[in-house]
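Below is one structure, written out as structure tokens; comments come after it.
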């Protein structure tokens with residue numbers, strides 16, 4: 001299952017913009033250039049498609065980083081938490 005949402009994270013929005021910029025550079029795409037030149041008009045048209053499991057992992061990572069964990073530690077801990085949640089959901 002996936003969730004469709006709008007973009008809220010400024011880092012993710014900047015990442016999208018960078019990918020479109022790279023695409024424009026490598027392919028000379030006039031459409032990509034148009035999107036970049038009218039970025040504020042185009043951004044609301046992008047939809048974030050995110051699997052529920054991945055969203056749960058990202059949220060756990062954010063909480064663990066806020067509690068003082070390193071990025072790597074937070075990623076590993078969030079993965080472990082999510083794998084235990086999936087095992088419970090599967091009846092294991």
Taking region 20-34 and keeping only residues that are within 20 Å of the chain's Cα centre (by Cα) and under 17 Å from residue 46 (Cα atoms), one is left with 20, 21, 23
All-but-one check, residue 53 against (1) under 30 Å from residue 84 (Cβ atoms); (2) in a helix (DSSP H, G or I); (3) modelled with pLDDT of 85 or more, failing number (3)
Pairing a residue in region 58-77 that is within 18 Å of residue 3 (Cβ to Cβ) and not assigned by TED's automatic domain parsing to the domain that holds residue 11 with any residue that is assigned to a helix (DSSP H, G or I) and at pLDDT below 80, where Cβ atoms lie under 7 Å and the two sit 6 or more apart in sequence or on different chains, gives 60/78; 60/81; 60/82; 61/74; 61/75; 61/78
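The values are calculated or read from the model by the stated rules, or taken from the named source; none is laboratory data. Since the model is a prediction, treat every value here as computed from it, not as a measurement. No Cβ is skipped: glycine too gets one built from the backbone with ideal geometry, and neighbour counts run over all protein chains shown.
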